[in-house]
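Let me begin by presenting the structure, written as structure tokens, before commenting on it.
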Amino acid sequence: MNYIGISSGFHDAAISVVDESGNILFAGHSERYSKQKHDKNLCVGIVEDALSYITGDYELHYYEKPYLKFLRQLRAGESPSLKNLFAKNIIGPEVMARLGNKTIHTHSHHMSHAAGGFQTSPFTDATVVIIDAIGEFDTITIWDASYDDDTGKAEYKKLWSKKYPDSIGLFYSAMTKRVGLRPLDEEYILMGMAAYGKPIHYSQMHAELLQSSLDLDFTQNLHIGVTDDFLPGANEMDIAASAQVLVEHLIENVMQKAMILGRSKNLVYGGGVALNCLANRKLINYFNNIWIMPNPGDAGNSLGAAAIGLGRKINWTDAYLGYNIPGKYPVNAILDELLNNSIVGVASGRAEFGPRALGTRSLLADPRGPHIKDRVNDIKRRQQFRPFAPVILEELADEYFDMSGGSSDNRYMQFIATCKYPELFPAIAHADGTSRVQTVPNDGSGIRELLEKWYILTGCPMLLNTSLNIRGEPMVNDIDDANRFAKLYNINVIS
């Protein structure tokens, strides 16, 4: 038996396939096939790709309970369609037909988050914390998770939860909207803006929006954002800085609860808020070991739903789980382009599952040049203040970054670290001196070989690494996408 997990109908549709042995055969994002950013629907292209990896029978597992979501939408004053009471209607007849119109097993939204995190983790027991904008009703949950000694079945016990409309994720999305960015899309930009401001509105923000920060009770429903007269005339960077400090305070309050309620000192952290790598630096204050699945948001729930179907531990190896561009990783061709032009695109091998490029759909650059950051931001049509991430040989990370806020193993960019020599690497050091570091272990991968050879040739153990896409567009997926990128933006993309 194989287990197909589906996340669709709201935003960032995705599909994952796990076999009966717990191997992940495929996991990918619909948007990269349909070319529609944050596509909420599965397209036939990704379904065909996923099915090509399956031998034998399969079950369908959906990432949330549609009838509970329907009830919550009614409570929120929305007008949901009656057809959305059934997962098959949300998925759509064309995709359902391609999936054989099989029965769909549905699972709660936060349970899918919890399973996707715990069953891909290296732990045999964990305290699981899920923080997102909204599931069906849950917005924050804390769980005990472990495996049955006899059967190996994953077992979960919910210890505490917070319900809609009180939501850390909705608060951060409301602040994203307040500064003129797109909520449920550009929260990561708000996080980057925080370094340029001062948290001078923290006290007012806390007083006006929170009834109790300890109990996570808000004074208003932030689902629709804040009113127009909230912080009138305030500098947007200061709003971002204040929101970041407040969200960190709220997350810490949740972690304190989890530390008290949970039995395990291993933390599994999921939900969209887990992508706030600036806040994640404080997690080590509460737990001994931390696992954040590389795709902790709703797209990752497709893997979580499949994990529930399997019921046992998943054999996690890496995040290269999507569309495959066959062929050996073109290390020497990439090196030549970097040495000659300092910037190169790479589209080779299986695409990353998650929002962050990890070397197979990346724009790479020499991090040392004084003008590299501006050049790459121009290519990607991004705001000039936006930072870039470094990818570095894991064993040398501590020499160049203070990794104490996370782990020397940070292969999925889950934590920020302070750059020890920002003047030498201006392209990857943010305004506050931090970097969202990606470490690469000695795993025999193409990106590892590239960094090793780059280090020998230049004495620099790192490269700038950002996703191969234009702002507002999905990441490059296939060869046609790569060729279009190269033609439009005059950057060589090597496959």
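Quote the Stokes-Einstein diffusion coefficient, in whole µm² s⁻¹, for the range 248-356, based on the Kirkwood radius over alpha carbon pairs, a temperature of 20 °C and a viscosity of 1.002 mPa s. List each step's numbers first, then the result.
Working: Rh = 16.9 Å.
This corresponds to a translational diffusion coefficient of 127 µm²/s.
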Next item on the list: Find the centroid of the Cα atoms in the range 300-375 and in the range 416-435, then give the distance between the two in whole Å.
Entry: 22
Item checked: Over the chain: helical MRE at 222 nm, DSSP H runs n ≥ 4 each giving -39500 (n - 2.57), nearest 500 -> -9000 deg cm²/dmol
Next item on the list: Starting from the amide H of Ile140, placed 1.01 Å from N in the peptide plane, find each other amide H under 5 Å away whose residue is 5 or more places distant or on another chain.
Entry: Lys162
Notebook entry, point to check: Distance in nm between label sites at Asp480 and Ser404, each 7 Å beyond Cα in the beta-carbon direction?
Noted result: 5.2
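Express as a percent, rounded to the nearest 5, the fraction of DSSP beta bridges in the chain (both residues included) that run antiparallel.
Percent antiparallel among DSSP bridges in the chain is about 70.
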Checklist line | Spread of Cα-to-Cα distances over 10 Å intervals beginning at zero, given as percent, for the range 295-394 | finding: 12, 36, 31, 15, 5, 0
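Using the beta-carbon distance between Glu449 and Asn101 and R0 = 41 Å, what value does 1/(1 + (r/R0)^6) give for FRET efficiency, to the nearest 0.05? Each step should come with its number before you reach the end.
Values: r = 45 Å, r/R0 = 1.11.
That pair, Glu449 with Asn101, gives E of 0.35.
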Next item on the list: With a point put 7 Å past each Cα toward its Cβ, work out how far Lys83 is from Lys328 in nm, to one decimal.
Entry: 5.1
Margin query: Residues of the range 224-267 with the amide nitrogen closer than 11 Å to a label point 7 Å from the Cα of Gln211, along Cα-to-Cβ, please.
Written below: none
Notebook entry, point to check: So between Leu396 and Tyr489, what do we pick up on full extension, going 0.36 nm a residue minus the alpha carbon distance?
Noted result: 30.2 nm
Item checked: Alpha carbon convex hull of the range 122-281, projected area averaged over orientations, nm² -> 9.6
Check: What's the FRET efficiency of Asp378 with Ser21 using the Cβ-Cβ distance as r and R₀ = 41 Å, to the nearest 0.05?
Finding: 0.30
Item checked: Given charges at beta-carbon only (K, R positive; D, E negative), |dipole| of the chain in Debye -> 640
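So which helices of the chain fit the span-like rule, where a helix is a whole DSSP H run, its Cα atoms reach 27 Å or more along the axis, and its mean Kyte-Doolittle is at least -1.0?
Details: long enough: 236-261 (37 Å, 0.69).
Those that pass (Cα extent of 27 Å or more, hydropathy at least -1.0) are 236-261.
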Check: Straight-line reach from Lys328: which aspartates and glutamates have Cα under 20 Å away, leaving out those fewer than 8 places along the same chain?
Finding: Asp318, Asp336, Glu337, Glu352, Asp443, Glu449, Glu452, Asp478, Asp480, Asp481
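I need Trp291, Trp160, Trp143, Trp316 ordered by Cβ neighbour count within 10 Å, fewest first.
Values: Trp291 22, Trp160 15, Trp143 27, Trp316 18.
Placing the least packed residue first, the sequence is Trp160, Trp316, Trp291, Trp143.
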Margin query: Check which residues have an amide H placed less than 5 Å from Arg312's amide H, if you skip close sequence neighbours.
Written below: Ala154
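Order 368-375, 350-357 from most to least packed using the mean count of other Cβ atoms within 10 Å. Show your work: numbers first, answer last.
Working: 368-375: 15.4, 350-357: 23.2.
In descending order of packing, they fall as 350-357, 368-375.
Based on the Cβ-Cβ distance of Gln256 and Lys35, what FRET efficiency does E = 1/(1 + (r/R0)^6) give at R0 = 56 Å, to the nearest 0.05? Write down the numbers at each step before the final one.
On the way: r = 43 Å, r/R0 = 0.77.
Using R0 = 56 Å, I get an efficiency of 0.80.
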Margin query: Which log10 I(q)/I(0) values does the chain give at q = 0.07, 0.09, 0.10, 0.11 Å⁻¹ under the Debye formula, counting every alpha carbon as one identical point scatterer?
Written below: -0.35, -0.59, -0.75, -0.92
Check: What distance in nm separates the simple spin-label points at Gln73 and Lys282, each placed 7 Å from Cα in the Cβ direction?
Finding: 3.5
Notebook entry, point to check: So which lysines pass the test for Lys257, namely a Cα distance under 23 Å, with those fewer than 8 places away in the same chain ruled out?
Noted result: Lys157, Lys158, Lys162, Lys163, Lys265, Lys282
Margin query: Using the Cα centre of the chain as origin and beta-carbon charges of +1 (Lys, Arg) and -1 (Asp, Glu), tell me which of Thr219, Asn84, Tyr58 is placed farthest towards the positive end of the dipole.
Written below: Asn84
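None of the figures in this text is laboratory data; all of them are computed from the coordinates on show. For clarity, every value in this text was computed on a predicted model and none was experimentally measured. Positions of Cβ are generated from backbone atoms using ideal geometry, with glycine treated the same way; all protein chains shown enter the neighbour counts.
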